[in-house]
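Trainee: Take a look at the following structure, please.
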Amino acid sequence: MKSCLRYIKEYFIQLLLITVTPLIINTLMVQPMLFPITGDSSSWLSFWGSYIGAVLSSAIALYILYKQNQQNHTENIANRNLQLSVIKYNQELDKLRDLRTALVDFQASFDYIEITNIASEFVDGHFGEEERMRLKYLVRDIDEKGFKTTLLLDLMPKSNSVNKFNLIYNKIYNSYGLILEEFTSFLDLMQNLPQNKAEKRDYIKEHLKYWEIYDKQQKEMVINKIPGFTPQKSISEIIKSHGNYENIEEKASDIIKERLLETIGDSSLKENLKECIQNILSEEQNRIYAILSQT
């Protein structure tokens, strides 16, 4: 009933014309003629019937054509929006695949097992070029994968998961970078160690002085700007606490072990990073699926 009333309101004028037009024609035909005409009333009635029928048929045909064009236009817009959504969906899906690979590789690049293996070589008194190359590879690997991850995350909408990831990323990245840097510095120290005790003592003091300046700069420029990040005890502080620089070869294994113990807490950061990655990928997947559902 309601739909019928709505239809009548929408096409009221058309219905009125259809109803009133025959009455008007009939009224005009029974009135006295103002000027002579050819044919009788039946002929004119037939003419008007054909004429009005043709007009109505043409009007209906034009109306149907208009509605069809309107529907086609609406469908074309819907199809175009769907095509654009599919294109955008595929593009975002490709970005998600790249992001997944980058995040997984980045998380795996914190290779504490390899660091422990290198530390074992140091404990055994091996401070050669092979250990140096292994440290260089770890530095290059984490820098490359970290840079790629940062580029891809910058293309994503910001969220709590991304913010949490960035916070953990800053902590573990700097912590991991510090131990690689300090192991490399310690390797340099041990490779070029003088044999004379007095020279050895002066040589180590000079290096410790340089490390102190560098550590202070790092804290001021980077570490202190990371919320909630407490840097580990540096290898220079550990060397100082052991003292007796003349016999550092004997203390080297203890120094390395103590510095390695400082990284134990980083394993939990690595697991937290994995959880953040799972949340980011899940949120991004849901966002991409929503692209098609909005069309």
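The values are calculated or read from the model by the stated rules, or taken from the named source; none is laboratory data. Small disclaimer: the values here were computed from a predicted structure and weren't measured. Cβ placement follows ideal geometry from the backbone for every residue including glycine, while neighbour counts extend to all protein chains displayed. These area figures cover heavy atoms from the full protein model, side chains too; ligands, DNA and RNA do not enter into them. Shrake-Rupley method; radii C 1.70, N 1.55, O 1.52, S 1.80 Å.
Trainee: Quick check: is even one residue across the stretch 61-70 surrounded by 11 or more Cβ atoms within 10 Å (Cβ to Cβ) and modelled with pLDDT of 75 or more? Walk me through how you get there before you give the answer.
Mentor: Here is the first cut: in the stretch 61-70, the ones surrounded by 11 or more Cβ atoms within 10 Å (Cβ to Cβ) are 63.
Filter once more, keeping what is modelled with pLDDT of 75 or more: 63.
Yes, the stretch 61-70 contains at least one residue that is surrounded by 11 or more Cβ atoms within 10 Å (Cβ to Cβ) and modelled with pLDDT of 75 or more.
Trainee: Here's a follow-up. Can you report the number of residues in the stretch 249-288 which are at pLDDT below 90, of a type in the set (Ser, Thr, Tyr) and surrounded by 13 or more Cβ atoms within 10 Å (Cβ to Cβ)?
Mentor: The qualifying residues number 1.
Trainee: Then there is this: Within the stretch 108-125, how many residues are outside any helix (DSSP H, G or I) and closer than 16 Å to VAL139 by Cβ?
Mentor: Count: 3.
Trainee: Scan the stretch 215-229 and give yes if some residue there is open to solvent by less than 50 Å² (accessible area, probe 1.4 Å) and either modelled with pLDDT of 80 or more or touching a strand residue (DSSP E or B) at 6+ places or on another chain (Cβ under 6 Å) (or both), otherwise no.
Mentor: no
Trainee: So which of GLU237, GLU246 is open to solvent by less than 60 Å² (accessible area, probe 1.4 Å), of a type outside the set (A, V, I, L, M), at pLDDT below 90 and in a helix (DSSP H, G or I)? Outline the logic, then answer.
Mentor: Values: GLU237 fails: open to solvent by less than 60 Å² (accessible area, probe 1.4 Å).
None of the others qualify; the one that does is GLU246.
Trainee: If you don't mind, another one. Filter the stretch 71-100 for residues that are under 30 Å from ILE172 (Cβ atoms) and open to solvent by less than 70 Å² (accessible area, probe 1.4 Å); which is modelled with the lowest pLDDT?
Mentor: Restricting attention to the stretch 71-100, the residues satisfying the condition of being under 30 Å from ILE172 (Cβ atoms) are 92-100.
Narrowing the set further to residues that are open to solvent by less than 70 Å² (accessible area, probe 1.4 Å) leaves 92-93, 96, 99.
Values: GLU92: 83, LEU93: 86, LEU96: 87, LEU99: 90.
Of everything passing the filter in the stretch 71-100, GLU92 is modelled with the lowest pLDDT.
Trainee: Scanning the stretch 127-177 for residues that are open to solvent by 20 Å² or more (accessible area, probe 1.4 Å) and among the aliphatic types (A, V, I, L, M), which turns out nearest to ASP215 (Cα to Cα)? Spell out the reasoning first.
Mentor: Of all residues in the stretch 127-177, those open to solvent by 20 Å² or more (accessible area, probe 1.4 Å) come to 127-130, 132-134, 136-137, 139-141, 143-145, 147-148, 150-152, 154-160, 163-164, 166-167, 169-171, 173-174, 177.
Filter again for among the aliphatic types (A, V, I, L, M), leaving 133, 139, 151-152, 155-156, 167.
On the way: MET133: 23, VAL139: 18, LEU151: 28, LEU152: 31, LEU155: 33, MET156: 34, LEU167: 21 Å.
Per the stated criteria, the residue is VAL139.
Residue-by-condition table, conditions (1) at pLDDT below 90; (2) among the hydroxyl-bearing types (Ser, Thr, Tyr); (3) under 26 Å from ALA119 (Cβ atoms):
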position	(1), (2), (3)
THR149	no, yes, no
LEU155	yes, no, no
SER159	yes, yes, no
THR184	no, yes, yes
PRO194	yes, no, yes
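Trainee: Just give me the residues in the stretch 102-126 being open to solvent by 70 Å² or more (accessible area, probe 1.4 Å) and among the polar types (S, T, N, Q), in sequence order.
Mentor: Going through the stretch 102-126, the residues open to solvent by 70 Å² or more (accessible area, probe 1.4 Å) turn out to be 104, 113, 124, 126.
Within the stretch 102-126, none qualify.
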